[in-house]
Amino acid sequence: MNQWIIAIILQALGLLLREDPVSAMTMDQFVTSLDTLRAGCAPKFKIEASTLDRLRMGDFSQEASQDVMCYAKCITLMVGTVNKKGDFNAAKALAQLPHLVPAELLDVSTRAINACKDVYKNYKDSCEKVYQTAKCVGANGEGKLMFP
């Protein structure tokens with residue numbers, strides 16, 4: 001597990017050190033980073049691969065188990081956009097976007113985050129806070145956004 005965390009940190013540092021952050025990541029690099037995040041969190045939870053694949057495509061239509069919701073929390077903790085209580089930090093997410101998504105997803109990602117920045121406030125469970133925020137972002141992603 002530590003090797004995945006180290007790989008993600010190194011990847012993030014590499015992206016942050018590039019001179020042109022808007023073009024910092026290609027779509028292929030983005031998908032690879034999603035795979036890395038998934039590999040770091042999925043083994044901790046009992047989730048079918050088909051469920052993870054649906055989430056990847058932005059399909060949050062099925063009722064989520066506690067494991068699925070906590071998987072979402074694991075992902076966002078690794079990326080650094082939530083705290084342990086599941087509170088979403090939209091400002092931090094928006095600041096990281098140029099380093100974490102390809103240029104072609106920047107505008108839609110920004111709109112989706114702004115639309116969903118307060119969703120977590122409607123929930124008490126930390127995992128559900130994160131899951132519902134991710135679900136909202138997916139619903140506002142115009143069919144273009146992917147989740148690890």
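The values are calculated or read from the model by the stated rules, or taken from the named source; none is laboratory data. Everything numeric in this text was worked out from a predicted model, so none of it was measured. All Cβ positions, even for glycine, are placed from backbone atoms using ideal geometry, and neighbour counts span all protein chains on display. Please note that ligands, DNA and RNA were not included when accessible areas were found on the heavy atoms of the full protein model with its side chains. Shrake-Rupley method; radii C 1.70, N 1.55, O 1.52, S 1.80 Å.
Can you list the aspartates and glutamates whose alpha carbon sits under 16 Å from that of residue 117, skipping same-chain ones fewer than 8 residues off?
Within the straight-line cut-off, residue 117 pairs with 87, 107, 128.
With a 1.4 Å probe and every protein chain kept in, tell me what percent of the accessible surface of segment 25-108 is carbon plus sulfur.
Of the solvent-accessible surface of segment 25-108, carbon and sulfur hold 55 percent.
Given a 1.4 Å probe and the protein chains all in place, what does the accessible area of residue 146 round to, in Å² to the nearest 10?
Accessible surface of residue 146 is approximately 50 Å².
Enter the accessible area per residue of segment 57-125 (Å², integer; probe 1.4 Å; all protein chains in place).
53
Please arrange 63, 104 by accessible surface area, largest first, computed with a 1.4 Å probe and ligands excluded.
The ranking, largest first, comes out as 63, 104.
Which of the trypsin sites (Lys or Arg not before Pro) found in segment 28-75 are loop residues per DSSP with 13 or fewer other Cβ atoms within 10 Å of their Cβ?
Listed in order of number, the matching sites are 46.
Simple spin-label model, 7 Å along Cα-to-Cβ: residue 48 to residue 63 in nm?
So the two model labels end up 1.5 nm from each other.
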